[in-house]
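Following: one structure in structure tokens, then a few remarks.
The values are calculated or read from the model by the stated rules, or taken from the named source; none is laboratory data. Keep in mind the model is a prediction, meaning the values are calculated, not measured. All Cβ positions, even for glycine, are placed from backbone atoms using ideal geometry, and neighbour counts span all protein chains on display.
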Amino acid sequence: MSTQHNQAEQQVLSAVHPASASIPAGTPAANAPAAAAPNRRVLVVAGVIAVAALLAGGRMWYRSHYFVETENAYISGHVHPVSSRVAGVVTRVLIEDNQLVKEGDVIAELDPVDQQVKVEQIQAQIASAEQQVVQAEAQIAQVRAQASAAGAQVAQSEAQLLRAKQDAERYGQLYNSQMKAVSKAELDAANAGRSSAVADLAAKRDNAGAAKAQIASAGASREVFKAQVNVLRVQLKDAQQQLGYNRIVAPVAGRIGKRSIEVGQRVQPGQSLTAIVQQNVWLTANFKETQLAELQPGQHVSVKIDAMPGKTLVGTVDSFAPASGAQFALLPADNATGNFTKIVQRVPVKIVFKPEDIKAMNGRLVPGMSALAEVEVNQTEHAKAAATAAAPAAATAH
């Protein structure tokens with residue numbers, strides 16, 4: 001019964017597939033083509049995977065030997081805080097958020113009344129001190145005239161003393177034990193006149209000395225007044241500077257940020273009012289200390305900014321920080337303890353951009369942005385090879 005059933009199936013198959021009627025049912029050859037096709041696909045897929053794995057492994061090996069990169073990189077720049085030098089009330093604010101300013105542009109103005117009053121007060125004090133100087137000079141002239149008169153009186157007294165001495169000598173010669181040509185009273189009067197002339201000369205000399213002392217005193221007073229004038233002029237200069245500080249100006253050119261100044265606000269010296277960010281930014285890349293062996297200043301760096309996907313900048317290694325980032329931390333790690341775990345430190349590396357590249361960003365490249373920095377470490381070898389190849393050519397040219 002089963003034999004008849006198999007023969008019937010073969011007849012049906014021969015009617016549908018004439019080529020398969022010649023192959024006996026149940027033979028291994030009938031199943032061979034169906035099994036061979038899947039095995040080839042598996043081999044092809046396995047081969048493609050193996051090639052891809054080799055390429056990926058080769059790329060990883062090449063990049064691990066000739067490239068170093070870090071995601072711990074951020075755009076840095078000069079951020080200048082702007083503050084007031086004097087206390088006062090804000091009367092005008094001349095800036096807006098994110099505005100571009102030039103060096104010397106007025107940012108805000110304070111009420112100048114207090115400083116103006118101080119300037120006028122010092123100017124009045126200077127005028128008063130200058131008048132005192134004039135009075136001292138007039139007093140010096142008066143005292144000098146008195147001293148001159150005292151000198152003349154001294155000369156007169158000296159002449160009178162000389163005459164008194166001569167009279168006394170003559171009377172002494174006329175009145176002695178051998179001759180009494182004059183009376184004793186006349187001789188005594190002559191001697192008294194001489195003594196009086198000596199005393200008068202001494203008094204006149206004292207008056208002349210006092211007049212000279214008054215000249216010195218008046219001159220010293222004049223110098224004191226002049227010194228007061230100089231001090232007041234310095235104070236006036238300081239007051240005028242304080243008056244000028246009521247105009248708060250931009251210290252550098254850049255863009256306004258973190259504006260916190262408003263009209264009517266009372267500000268204090270040193271209070272932060274806004275910040276100015278300069279356009280010349282750079283990249284601070286914190287490389288691991290194990291990546292620094294082949295990094296050199298002058299190497300080109302491929303920089304990708306997170307905020308600008310698909311855009312790559314080319315920078316240059318400028319310099320290395322003098323210490324690792326941990327050394328500049330507020331609380332540096334203390335490794336001199338019983339428990340120690342070695343942690344790879346990171347050293348900040350400064351990477352600069354070309355000014356034209358920064359300008360092409362139109363202010364979109366700002367401090368604080370995250371970035372990816374990648375350096376090809378065999379650039380120095382390439383440069384040396386190029387220089388070596390160029391040397392024979394230069395020698396041949398000469």
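Listed values, structure above:
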| quantity | calculated |
| --- | --- |
| Failed condition for residue 281, given (1) within 18 Å of the chain's Cα centre (by Cα); (2) without any contact (Cβ under 8 Å) to a residue 40 or more places away in the chain | (2) |
| Any hit, region 314-330, residues being of a type in the set (A, V, I, L, M), farther than 19 Å from residue 72 by Cα and out of contact with any strand residue (DSSP E or B) (no Cβ under 7 Å at 6 or more places or on another chain) | yes |
| Test: residue 215 is within 19 Å of residue 90 (Cα to Cα) and of a type in the set (A, V, I, L, M) | no |
| Search result, residues across region 364-390 that are within 22 Å of residue 282 (Cβ to Cβ) and either modelled with pLDDT under 85 or over 37 Å from the mean Cα position of the chain (by Cα) (or both) | 377, 379, 380 |
| Residues of region 133-168 that turn out to be more than 17 Å from residue 211 (Cβ to Cβ) and not acidic (Asp, Glu), as a count | 12 |
| Condition met for residue 108 (closer than 27 Å to residue 226 by Cβ and either small (Gly, Ala, Ser) or loosely packed, with under 14 Cβ neighbours inside 10 Å (or both)) | no |
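Rundown of residues vs (1) more than 30 Å from residue 352 (Cα to Cα); (2) not assigned by TED's automatic domain parsing to the domain that holds residue 307, yes/no style:
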residue	(1), (2)
74	no, no
93	yes, yes
103	no, yes
123	yes, yes
129	yes, yes
138	yes, yes
151	yes, yes
